[in-house]
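To start, the structure under review is shown below, and the notes come after it.
The values are calculated or read from the model by the stated rules, or taken from the named source; none is laboratory data. Please read these numbers as outputs of a predicted model, since none were measured by experiment. Positions of Cβ are generated from backbone atoms using ideal geometry, with glycine treated the same way; all protein chains shown enter the neighbour counts. Protein only, heavy atoms only, side chains kept; ligands, DNA and RNA dropped before computing areas. Shrake-Rupley method; radii C 1.70, N 1.55, O 1.52, S 1.80 Å.
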Number of protein chains: 2
Amino acid sequence: MACEKIGFIGTGIMGAPMAHNLLKAGYEVAVHNRTKVKADHLIAGGAAWADSPADVAKDSNIVITCLPDTPDVEQVLLGQKGVIEAAKPGLICIDMSTISPAATKEMGSALAAKGVTLIDAPISGGEIGAIEARLSIMMGGPKKAVEKVRLIMQAMGRTVIHCGPLGAGQITKLANQIMCIHTIMSIAEGFAFAEKAGLDLETTLKVTSAGAAGSHSLKTLGPKIIAGDFKPAFMVDLQQKDLRLVAEYAEKLKQPLPGVALARQLLAQLQAQGRGRDGTQALVEVIRQLGQK
Amino acid sequence: MACEKIGFIGTGIMGAPMAHNLLKAGYEVAVHNRTKVKADHLIAGGAAWADSPADVAKDSNIVITCLPDTPDVEQVLLGQKGVIEAAKPGLICIDMSTISPAATKEMGSALAAKGVTLIDAPISGGEIGAIEARLSIMMGGPKKAVEKVRLIMQAMGRTVIHCGPLGAGQITKLANQIMCIHTIMSIAEGFAFAEKAGLDLETTLKVTSAGAAGSHSLKTLGPKIIAGDFKPAFMVDLQQKDLRLVAEYAEKLKQPLPGVALARQLLAQLQAQGRGRDGTQALVEVIRQLGQK
C-alpha cells in the first residue's frame, strides 16, 4: 500500500507515533508541525518535511491532521497557507483530532466545494495505543472514502469503525468521553468514601472490580489511586476540553447532561489548583477535599 | 460439613435460592419468613420450619438473615421473639442483608453481651447469582468467626472476601453501590446523548464498550437500553434504598458525594413516575426526558 502519498500535520504526543507507524507500514509520508523540532525524529526516519499545510497538501492524496482543538484544525485546513489553498480535487482529508462535530461538518462543506472529501476520525487509546498501533478509530464520512482509507487507519489502530456520516466520528468520541468521565467519577467517589470509612483499598478494589461495579477505569486507574500516582494516562486539561465539546454539542441538541455538568465543575476545581496536567484519576483528590477539615 | 445446624431467616427473592443452595450442600437448615408460603418449597425440599426468629435460634449454631432493610434486621435479631431471646453463647449470626453499617455495629455490641458473634456479609450478584451460587459476599467481623463460616458462605457464593471488622462488609457493599450508580449514569447520559445526536446505538455500544469507557454496566445494560427492555436486573427502588444508606453513612463520615446526590435525585424522578420497580437502566429515560419538548 506504499502507493499513497500521505501528508501528516500535527506530530505531537499522539501524532508523532501515529506518523511513525505509517512510515513503518511503508507509506510515503510528508510531515508538518508548528514546532519543527518535534518532527525531527520522523524526518530522520524517512519522512519528508513540508513548510506549511499547503505544502503538505500539494504533493499528497491523503492529508491527516491530529491537532489539539477546533481552531487549530480550522487554521490548518482553511486558513492562510492552509490545506485548501493547494488541495487538488480528489484529496481526502482525515481529521483525527477531537474537535467540534458542528465545525467538522462546516469544514466538510468548505472543502467539498474544492472537490476535497473530509473524514473525521478521532481516536481513543492514549499515547501507548498510538505507539503500539492499538488505537480505536471512530470514523465519520461517506462510505466510499472511509473504505478507501481503512487500510491506512489500520496501520495506526486496531479497532477502526465507521460510525456514520461526517461528524459521526466526533459525536461517537464525545459519547465515549461522557461515559469515561462517569466511570472516573465512579472510582473518585467510591474510593474517597471507602478510604474515609477506613476500608482497606486493595480489598475494596478486588471486591468491586470483579462485579457489577467493574469498569475499565476502575481496573486501570484504581491501582494508581491506591499508589498515589497522579501521572496522566489522560490529562485533566484534555478531559475538560473534550467535555467542553460535549457541553457545546449537547446544548445545540438541547440535551441536558447533569452528570457531565457536575463533573466539569469538579475538574475545574482541579484546574484551579494547578493540577490540569495530572491524570483524570486526580478527581479523587477533589472528592477527598470535600470531606477535609 | 452437614454437622452445622443453620437457621435461615428471610426467604425472599435472594434468600430462598441461597437457603436452597445450603440444603443442596447437605446442611441441616431451619427456615423462618414473615410470609410462610414463600418458604414452602424449601420445607418441601427438606428444611425445617420455625415459628419465630427465637425458634430459629434455639436449635441453631449459625443464624443467617437476609432481609430488606435495617429495621427488619433489628426486629429479627433484637426484637420480641427475636434471635437474642433464645440465642446460646457461641452462636454466630451472619447478616447478609444490605443495611446500615452503623446499626450493624450497634447490633454487634448488643449480641456480644449475650456471647453471640455478629458477622455482616452483604451480597452482590442479583437473583441469578443467588440461584447459581455465584454471589460475591463481602464479610465483616472477627477473623476467627469469618473463617469458621467460610465454607458455608462458599455454598452460596463464588467470591467470599473478608473486608475487615464488623461493618466492613456493609461499607464495602456501599462503596460498590456508589461505583455502580456512576457506571449506570455513564450509559444513561452517554446513550441519551448519542441517540439525540442521531448515532446508531449498536455501533456506539460496540465502539465504547471495547475501550476506556467500558464497564460491566455498559456491557450488560447497554443492550437492554437499545432493546427498550426495562425489566429489572436490579430495581430502582433497591438502588435508591442502597444509596440512602450510602448518604446516611457518608453524612456520618462527613464525606460529601455530589455525584451520588445527583443520581439520587434522578432516581427519585423515576420513582415519582411510578417506575421504582423498573431496572436501574431506566435512568436513561430521565435523561431523555430532560431533552424532550
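Whole number in Å², please: accessible area per residue of chain A, 1.4 Å probe, ligands, DNA and RNA not counted. Provide the component values of the computation, followed by the final result.
Details: 11420 Å² over 293 residues.
Result: 39 Å² per residue.
Return the loop-located trypsin sites (Lys or Arg not before Pro) in segment A:233-266 (DSSP other than H, G, I, E, B) with at most 16 other Cβ atoms within 10 Å of their own Cβ; answer none if there are none.
Values: sites: A:LYS241, A:ARG244, A:LYS252, A:LYS254, A:ARG264; in loops: A:LYS254.
Taking segment A:233-266 and a limit of 16 other Cβ atoms within 10 Å, the loop trypsin sites (Lys or Arg not before Pro) found are A:LYS254.
What is the magnitude of the charge dipole of segment B:172-291 about its Cα centre, with +1 placed on the Cβ of each Lys and Arg, -1 on the Cβ of each Asp and Glu, and no other charges, expressed in debye to the nearest 20?
With only Lys, Arg, Asp and Glu charged at Cβ, the dipole is about 280 debye.
Karplus couplings for segment A:77-88 from phi (6.51 cos²θ - 1.76 cosθ + 1.60, θ = phi - 60°), rounded to Hz, Gly and Pro as x?
Values, residue by residue: 7, 10, x, 5, 6, x, 3, 4, 5, 10, 5, 8 Hz.
Mind checking which of A:GLY108, A:ALA188, A:ILE128 is farthest towards the positive end of segment A:83-199's charge dipole, using Cβ charges of +1 (Lys, Arg) and -1 (Asp, Glu) about the Cα centre?
Final value for the positive-end residue is A:GLY108.
Tabulate in residue order the Karplus-calculated ³J(HN,Hα) for segment A:200-208, using 6.51 cos²θ - 1.76 cosθ + 1.60 with θ = phi - 60°, rounded to whole Hz; enter x for Gly and Pro.
6, 5, 4, 5, 4, 4, 4, 5, 6
Quick one: Karplus J couplings for segment A:257-274, per residue in order, coefficients 6.51, -1.76, 1.60, θ = phi - 60°, nearest Hz, x for Gly and Pro?
9, x, x, 5, 4, 5, 4, 4, 5, 5, 5, 5, 4, 4, 5, 4, 8, x
For A:ASP200, which inter-copy label distances result when the label point lies 7 Å beyond Cα on the Cα-to-Cβ vector, reported in nm to one decimal and in ascending order?
Reported distances to equivalent positions: 4.9 nm.
Just to confirm a number: summing +1 for Lys and Arg and -1 for Asp and Glu over residues other than B:LYS88 whose beta-carbon lies under 10 angstrom from that of B:LYS88, what do you get?
Working: positive: B:LYS58, B:LYS114; negative: B:ASP59.
Around B:LYS88, the surrounding residues sum to +1.
Which of A:GLN273, A:GLN80, A:GLN154 moves most in a GNM of chain A, Cα contacts under 10 Å?
Highest fluctuation of the listed residues: A:GLN273.
Taking chain A as the reference, fit the longest principal axis to its C-alpha atoms, fit the long axis of helix A:236-253 to the helix C-alpha atoms, and give the angle between the two in degrees, 0 to 90, nearest 10.
80 degrees
Would you mind calculating the relative contact order of segment A:104-249 from Cα pairs under 8 angstrom and at least 6 residues apart, reporting the percent as a whole number? Mind dumping the intermediate values first?
Values: 172 pairs, mean separation 28.1, N = 146.
Once divided by the residue count of segment A:104-249, the mean separation gives 19 percent.
At 1.4 Å probe size, with the rest of the protein present, what percent of the exposed accessible area of the protein assembly as shown is carbon and sulfur atoms?
Values: 12340 of 22850 Å².
Here carbon and sulfur together make up 54 percent of the probe-accessible area.
With springs only between Cα atoms under 10 Å, which of B:VAL63, B:VAL73, B:VAL37 fluctuates most in a Gaussian network model of chain B?
Maximum fluctuation in the GNM of chain B, among the listed residues, is at B:VAL37.
Loop only by DSSP, 11 or fewer other Cβ within 10 Å of the Cβ. Give me the GluC sites (Glu not before Pro) in segment B:98-171 that pass, ordered by residue number.
Values: sites: B:GLU106, B:GLU127, B:GLU132, B:GLU147; in loops: B:GLU132.
Answer by residue number: there is no such site.
Considering only chain A, pick the residue with its Cβ nearest the axis of the rotation onto chain B, and state the distance in whole Å.
Nearest Cβ to that rotation axis, in whole Å: A:SER215, 2.
Give me the summed buried accessible area for the B-A pair, 1.4 Å probe, to the nearest 100 Å². Intermediate results must be reported in sequence, preceding the final value.
Working: alone 13830 and 13810 Å², together 22850 Å².
Accessible area lost upon association: around 4800 Å².
When the Kirkwood radius is taken over all Cα pairs of the protein assembly as shown, what Stokes-Einstein diffusion coefficient follows at 10 °C and 1.306 mPa s, in µm²/s? The partial results should precede the final answer.
Values: Rh = 25.9 Å.
Answer from the Stokes-Einstein relation: 61 µm²/s.
Among the lysines in segment B:115-245, how many pairs, 8 or more places apart or on different chains, have alpha carbons under 17 Å apart? Could the numbers behind the result be given before it?
Details: B:LYS173/B:LYS241; B:LYS206/B:LYS219; B:LYS206/B:LYS224; B:LYS219/B:LYS231.
Lysine pairs meeting the criterion: 4.
Placing a label point 7 Å from Cα toward Cβ, how far apart in nm is A:ALA268 from its equivalents in the other copies, listed shortest first to one decimal?
Counterpart label points of A:ALA268 in the remaining copies fall at 2.4 nm.
Alpha carbon centre of segment B:156-191 versus segment B:278-293: separation in Å?
Comparing the Cα centres of segment B:156-191 and segment B:278-293, I get a distance of 23 Å.
Can you list residues whose amide H is under 5 Å from A:PHE8's amide H, if they're 5+ apart or on another chain and H is modeled 1.01 Å from N?
Here the answer is A:ALA30, A:VAL31, A:HIS32, A:ILE64, since their amide H atoms fall under 5 Å of that of A:PHE8.
With a/c under 1.5 counting as rounded, go ahead and sort chain A into rounded, prolate or oblate using the C-alpha gyration tensor (a ≥ b ≥ c being the square roots of the eigenvalues; past the cut-off, prolate if a/b is larger than b/c, else oblate). Working shown, then result.
On the way: a/c = 2.21, a/b = 1.88, b/c = 1.18.
It comes out prolate by the Cα gyration axes.
Would you please give the residues with an amide H less than 5 Å from that of A:LEU118, counting only those at least 5 places away or on a separate chain, with H modeled from the backbone geometry?
For A:LEU118, the qualifying residues are A:CYS93.
Under a Cβ-only charge scheme (Lys and Arg +1, Asp and Glu -1), can you give me the dipole magnitude of segment B:233-293 about the Cα centre, in debye to the nearest 20? Write down the numbers at each step before the final one.
On the way: 9 positive and 6 negative charges, 24 e Å.
In debye, rounded to 20, segment B:233-293 gives about 120.
Inter-copy label distances at B:ASP51, 7 Å along the Cα→beta-carbon direction, one decimal in nm, shortest first?
Those separations, rounded to one decimal, come out as 10.2 nm.
State the antiparallel share, in %, of DSSP beta bridges confined to segment A:91-249, rounding to the nearest 5.
Values: 3 of 13 bridges.
For segment A:91-249, the DSSP antiparallel bridge percentage is about 25.
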